[in-house]
Amino acid sequence: MPDATPTPTDASPDASPTRVDALVVGAGISGIHQLWELRGKGLRTVLLEAGSGVGGVWFWNRYPGARFDSESYTYGYFFSPEILEEWTWSEEYAGQPETERYLNFVADRLDLRKDMRFDARVVSAHWQEDERVWEVTTATGEVYLTTYLVTALGILSKPAFPRVPGLEDFQGEWHHTGTWPVADVDVRGKRVAVIGTGSSGVQVIPFLAKDAASLTVFQRTANWATPINNFAIDDARAADLRERIQEIYTRTQETPGGAIHAPMTESSLALSDEERRAVWDRLYDAPGMAFVLGNFRDVALSREANGHLTAYLTERIRERVKDPRTAALLTPDDHGFGQKRPPLENGYYEVFNEPHVRLVSTVEDPLVRYTPTGLETAIESHDFDVIVIATGFVAVTGSYESIDIRGTGGRTLQEHWVDGPHTFLGMQAAGFPNLFLVGGPQSSAGIIPRVTETQATWVANCVAHLRDRGLSRIETTEAAEQEWHEHVLSGIEGTLQEDASGWAFGTNVGDGRQRAYLLYAGGQPQYRERIAESAEAGYKGFELS
Ligand code: N01
């Protein structure tokens, strides 16, 4: 473990600003790692977190059924031998409570908590050129001055709500899956509604159906969900995983998404219907993302190949859902497989065979308003005790929009990103010196911790590089941003992502924002290469002073 750094004095609204070398925003999986890295360089670092505990997305998304859909041991940390040795996952795809426990274990084991401040929502960050510091203010008025500011805000942090009026009129209980309360939500014997059928909806619906007296699911768009096929990790498997952990890590470094699954390069179109079917039957029964990430590469490129796959999945939905009309409603007709991130499910389709569960298409019967007793659609009035809003997030840039970030000349990040995010390497934006974006736009995709571990190390090395040379300012250029922008877009050129929609493009929000690709499709190996190349060339694409 690195030496403990001096703890910054506690700030209070009346106290003078707290001065630190580096400030990390967000105690999710990326922020935790970033704090550890910066501390390891001997920097006085403090981490501010809006929530009252560590976990980020795994703190806020505590709805019943929330769980990893990537293998737990590929999602956790690899940087600490102690953590690897002392932690054992109980399931291949751990549930939210276990993941939250894991992140608390890490924070304690690495003694990180002393530099973390909870219930400290950052509301503004203003660059002060004269002093070369960021002035960071929290909702309670605490002020920090920091040379380096690292945002680890998460790509799925700011909840998106249906653009339906009257939520304040509803007299029952409502919850967004992305801000689920710590206290149990008891739906036993209650009339429950769920709005939204993305990954969160698909996970929560079977759990709500178990206890609710009635469950009404409002679906705007059906998704191509495939089974998660989760299983418990027994002692023998735990021992085997521990023994092979470096091999597993190496595998995550080789695949595009940082997962253990990688696409098959052979063309599905070269196979007969029977041969394709045999492969898909095997993948459908395989655990986790095998069907999504281990499928034929050409299903992401060719409409014909994708069409065969969606025809296969259509049949599987029909086999599992008894009522043909409901099965048809649950079958996407607006996007191919993989054009939106497919949810993984456990008994999702079978829920709709139960007599107390009803599916309402908001395309056929749009939501009009919340009422004191429930929801009104164009043709019906529904009464509910509990409404669950599973409509996702203002993804990737949404968390940045919640903070008033102003760079040189007082220009806001929102102004800079008005037509979509502009960054260099997904690490910095021009006009925002000493601000690092970890797990932000134009860098993230796949298993996020595998991207952000690279970034967290890169940031710590970069800051140490500056310090060791007596420098204290780093800023990328608009030319570098433009080059990266073109590179990012080239990653989806010629793929079915070119005309895809959903949160990865900001089209789910419905507030008129410009469609922009927010992620990075170049693959994690290439991403690592690109950011390493810049660092090795003395931080090419950045101006240091
Ligand atoms: O959000 P989403 P999510 N009326 O945007 C619908 C990760 N994740 O929270 O497609 C009715 O995917 C919306 O419809 P449409 C994962 O990366 C991982 O579910 O916009 N419906 C859509 O169906 C995932 O992709 C796990 O037309 C409305 C749904 O709400 C990402 O988080 C678990 C509506 C939102 O789906 C986001 O998932 C959970 C309206 N007015 C999440 N507005 C794991 O398993 C929106 N919708 C690890």
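Below, the figures for the structure above:
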read-out	value
Sorted largest first, extent of the range 330-470 alpha carbons per principal axis (Å)	70, 34, 29
Accessible solvent surface per residue of the chain, calculated while the other protein chains remain in place, 1.4 angstrom probe, Å²	40 Å²
Extended-chain gain in nm, criterion 0.36 nm per residue less alpha-carbon gap, GLU247 and ASP419	57.7 nm
Loop trypsin sites (Lys or Arg not before Pro), the range 209-291 (other Cβ atoms within 10 Å of the site Cβ: 13 or fewer; DSSP)	ARG244
P(r) weight above 17 Å for the range 28-129, C-alpha pairs, percent	55 percent
Kirkwood Rh in Å, taken over all unlike Cα pairs in the range 275-413	18.7 Å
Square roots of five times the Cα gyration tensor eigenvalues for the range 401-545, Å	25, 19, 13
Antiparallel bridges, percent of DSSP beta bridges restricted to the chain (to nearest 5)	40 percent
Inverse mean reciprocal Cα-Cα distance (Kirkwood Rh) of the chain, Å	24.4 Å
Cα centroid of the range 207-266 to Cα centroid of the range 289-318, whole Å	17 Å
Alpha-carbon Debye profile of the range 398-473, log10 I(q)/I(0) at 0.11, 0.21, 0.24 Å⁻¹	-0.31, -1.01, -1.17
Point-charge dipole on Cβ atoms (K/R +1, D/E -1) for the range 255-342, about Cα centre, debye to 20	320 debye
Approximate spin-label separation ALA262-ALA311, in nm, with each point projected 7 Å along Cα-to-Cβ	3.1 nm
Candidates per chymotrypsin sites (Phe, Trp or Tyr not before Pro) in the range 199-262, loop by DSSP, up to 13 other Cβ within 10 Å	PHE231
Hydrodynamic radius of the range 154-259 per Kirkwood, over alpha carbon pairs, in Å	17.6 Å
DSSP loop GluC sites (Glu not before Pro) with at most 15 other Cβ within 10 Å: longest gap in the chain	132-265
Kirkwood-Stokes translational diffusion coefficient of the range 255-342, alpha-carbon pairs, 4 °C, 1.567 mPa s, µm²/s	95 µm²/s
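The values are calculated or read from the model by the stated rules, or taken from the named source; none is laboratory data. Note that the coordinates shown come from a computational prediction; the quantities given were computed from them, not determined experimentally. Ideal geometry is used to build each Cβ from the backbone, glycine not excepted, and the neighbour counts take in all protein chains shown. The accessibility values were calculated without ligands, DNA or RNA, using every heavy atom of the protein model including side chains. Shrake-Rupley method; radii C 1.70, N 1.55, O 1.52, S 1.80 Å.
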